[in-house]
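Scroll down for the structure; my scribbles are underneath it.
The values are calculated or read from the model by the stated rules, or taken from the named source; none is laboratory data. Only a predicted model underlies this, so the values are computations on that prediction, with no experimental measurement involved. Virtual Cβ from ideal backbone geometry, glycine too; neighbours counted across all protein chains shown. Each accessible area value is taken on the protein alone, full model and side chains, heavy atoms only, with ligands, DNA and RNA left out. Shrake-Rupley method; radii C 1.70, N 1.55, O 1.52, S 1.80 Å.
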Amino acid sequence: MKALVFHKPKDVRVEEVPDPRIQHVRDAVLRVTAASICGSDLHIYNGYLPQPAPMILGHEFMGVVEEVGPRVSNLRRGDRVVVPFPIACGVCWFCRRDLQTHCEQSNPKHYGPDGSPTQKGGGLFGYTELYGGYAGGQADYVRVPFADYGPRKVPEGLSDERALFLSDIIPTGWSAVEWCGVSGGDTVAVFGCGPVGLMAQRAAWLHGARRVIAVDILPYRLAFAKRLCGSDTVDASRVDPVEAIRQLTAGRGADACIDAVGMEAQHGWLESAKNILTAQVGSIRALRAAIRAARRGGAVCAIGVYGADADFPLGEVFEKGLRLRAGQALPHACIDQLLELVCDGKMRADDIVTHRLPLSEAPRAYRAFNDKLEQCMKVVLRP
Ligand SMILES: [Zn+2]
Ligand SMILES: [Zn+2]
């Protein structure tokens, strides 16, 4: 089969590789019908998450079941499914408590309780050896472990592009809003207007927000937030976003602030000459701004990926009495509810797709997405 293979930073190629096969009784093999590139793939692409050996990338994909292992009784050949990005067993201590991203069984080599740079949570598709070394779905076919637990059947009539983003960005944006405890009448500020930031803005409205404020440094991304999400926008390349948010909230700050930038602030943005927001304070600039812009007693959520420790404003968090939550989203816990919202047309991400390309053009798509060229917001790859 053909697949997008990471070799070294900035060097990804579409190559002929061996077909995946059933390795365990709970596996399935899917024929991928649509996959996308995620902002967090760029951490590997840019070399900030090390991956020494060639690896097939991609944790956002959907497809048609080609083959199932003998213990997978809920799926059969021909079923269309979308797959949450964390690989989770469904039976361990964490999975039983709806903390599937921390599954104890899916990352045997690097799993650990510490949360240190070498001790990771559960496995992720196509996301380096540290997260289990599983081949990803930017490929013609993909092996799905624990296939009786993760994949969700896609109703007939729901297009690939409507269903695909239930793999990551829709649940991830939703998780951020849930973690902040957003409820009716709240003002929600979202730092970062990439795909996850846009989904967080939509989720905020669905949770009853009175006002949603979107912060970014690139005009085309702010235009997406305004046009597709109905958010007020703040261009952090021109004004201090914290001051702007305070002005919009009678000086108090937002009820909830979501950092949907993460390490991208260090890397994707910092490498661009336009990177004013992040160049000033480095790696946790977006999180710092989110903490500063939150009102006393408010909530802050870091949903963008962070891979390293940093100097952290604990005094400010304490003084303001903030609730803070961070981490990889938990899509298994909300995907069924979100599938219903997608079917009802209340939630969508297909309208942020700017690039639709065959898998063979994936290297070009990576360049466009990474360098924010051609107003690239989201890429769909068709094997
Ligand atoms: Zn993703
Ligand atoms: Zn588990």
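Here are Val188, Val177: which of them is within 17 Å of the chain's Cα centre (by Cα) and either on the phi < 0 side of the Ramachandran plot or modelled with pLDDT under 95 (or both)?
Values: Val188 fails: within 17 Å of the chain's Cα centre (by Cα).
Answer to the selection: Val177.
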So which residues in the stretch 98-119 are part of a loop (DSSP other than H, G, I, E, B) and either within 16 Å of ligand 1 (Cβ to nearest atom) or open to solvent by 70 Å² or more (accessible area, probe 1.4 Å) (or both)? Asp98, Glu104, Gln105, Pro108, Lys109, Pro113, Asp114, Pro117, Thr118
Answer yes or no as to whether His43 is within 16 Å of ligand 2 (Cβ to nearest atom) and either of a type outside the set (Lys, Arg) or within 23 Å of the chain's Cα centre (by Cα) (or both). no
Within the stretch 136-155, which residues are part of a loop (DSSP other than H, G, I, E, B), within 16 Å of ligand 2 (Cβ to nearest atom) and either under 18 Å from the mean Cα position of the chain (by Cα) or surrounded by 24 or more Cβ atoms within 10 Å (Cβ to Cβ) (or both)? Phe146, Ala147, Gly150, Pro151
Out of (1) in a loop (DSSP other than H, G, I, E, B); (2) more than 24 Å from Tyr306 (Cβ to Cβ); (3) touching a residue at least 12 places away in the same chain (Cβ under 8 Å); (4) not aromatic (Phe, Trp, Tyr), the one Met62 does not meet is (1)
Out of the residues in the stretch 71-97 meeting the condition of being near ligand 2 (Cβ under 10 Å from one of its atoms) and not in a loop (DSSP other than H, G, I, E, B), tell me which one is farthest from the chain's Cα centre (by Cα). Trp93
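Within the stretch 111-124, can you find the residues that are more than 15 Å from ligand 2 (Cβ to nearest atom) and not hydroxyl-bearing (Ser, Thr, Tyr)? Working first, answer last.
First, pick out the residues of the stretch 111-124 that are more than 15 Å from ligand 2 (Cβ to nearest atom): 114-119.
Scanning the stretch 111-124 gives Asp114, Gly115, Pro117, Gln119.
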In the stretch 299-313, residues that are open to solvent by 60 Å² or more (accessible area, probe 1.4 Å) and either over 24 Å from Glu178 (Cβ atoms) or of a type in the set (Lys, Arg) (or both) total 3
Sole residue being under 23 Å from Met347 (Cβ atoms), in contact with a helix residue (DSSP H, G or I) (Cβ under 7 Å, 6 or more places away or on another chain) and open to solvent by less than 20 Å² (accessible area, probe 1.4 Å), chosen from Ala256, Ala214, Ala209, Ala236: Ala214
From Arg26, Arg31, which residue is open to solvent by 10 Å² or more (accessible area, probe 1.4 Å), away from ligand 1 (no atom under 16 Å from the Cβ) and not in a strand (DSSP E or B)? Arg26
Can you run down the residue pairs with Cβ atoms below 6 Å, 6 or more apart or on separate chains, where the first is in the stretch 24-52 and farther than 19 Å from Gly132 by Cα and in contact (Cβ under 8 Å) with a residue 12 or more places away in the chain and the partner is away from ligand 1 (no atom under 13 Å from the Cβ) and among the acidic types (Asp, Glu)? Arg31/Glu66; Thr33/Asp160; Ala34/Asp160
Which listed residue is at pLDDT 95 or above and in contact with a Pro (Cβ under 8 Å, 6 or more places away or on another chain), from Ala299, Ala293, Ala308: Ala293
Does any residue in the stretch 85-105 that is within 18 Å of Pro151 (Cβ to Cβ) come within less than 8 Å, Cβ to Cβ, of a residue that is within 16 Å of ligand 1 (Cβ to nearest atom) and open to solvent by 50 Å² or more (accessible area, probe 1.4 Å) six or more places away or on a different chain, and which pairs are these? Pro86/Gln328; Thr101/Gln328
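For the stretch 1-22, which residues satisfy the criterion of being hydrophobic (A, V, I, L, M, F, W, C) and open to solvent by 20 Å² or more (accessible area, probe 1.4 Å)? Walk me through it before giving the result.
Going residue by residue through the stretch 1-22, those that are hydrophobic (A, V, I, L, M, F, W, C) are 1, 3-6, 12, 14, 17, 22.
Listed by number, the residues that qualify are Met1, Val14, Val17, Ile22.
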If Gly132 satisfies all but one of (1) away from ligand 2 (no atom under 15 Å from the Cβ); (2) closer than 25 Å to Tyr306 by Cβ, what's the number of the condition it fails? (1)
Just need a number here: residues in the stretch 156-188 that are of a type in the set (Ser, Thr, Tyr) and not in a helix (DSSP H, G or I). 3
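Just to be sure before I move on: is Val17 more than 16 Å from ligand 2 (Cβ to nearest atom) and either more than 24 Å from Val154 (Cα to Cα) or modelled with pLDDT of 95 or more (or both) in the structure I sent?
Criteria met by Val17.
Every residue, every condition in (1) under 24 Å from Thr354 (Cβ atoms); (2) touching a Lys or Arg at 6+ places or on another chain (Cβ under 9 Å); (3) among the hydrophobic types (A, V, I, L, M, F, W, C), yes or no:
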site	(1), (2), (3)
Lys8	no, no, no
Glu16	no, yes, no
Asp19	no, no, no
Gln23	no, yes, no
Asp27	no, yes, no
Arg31	no, no, no
Gly39	yes, no, no
Ile44	yes, no, yes
Pro50	no, no, no
Find the residue count for the stretch 35-89, including only residues that are open to solvent by 40 Å² or more (accessible area, probe 1.4 Å) and within 16 Å of ligand 1 (Cβ to nearest atom). 1
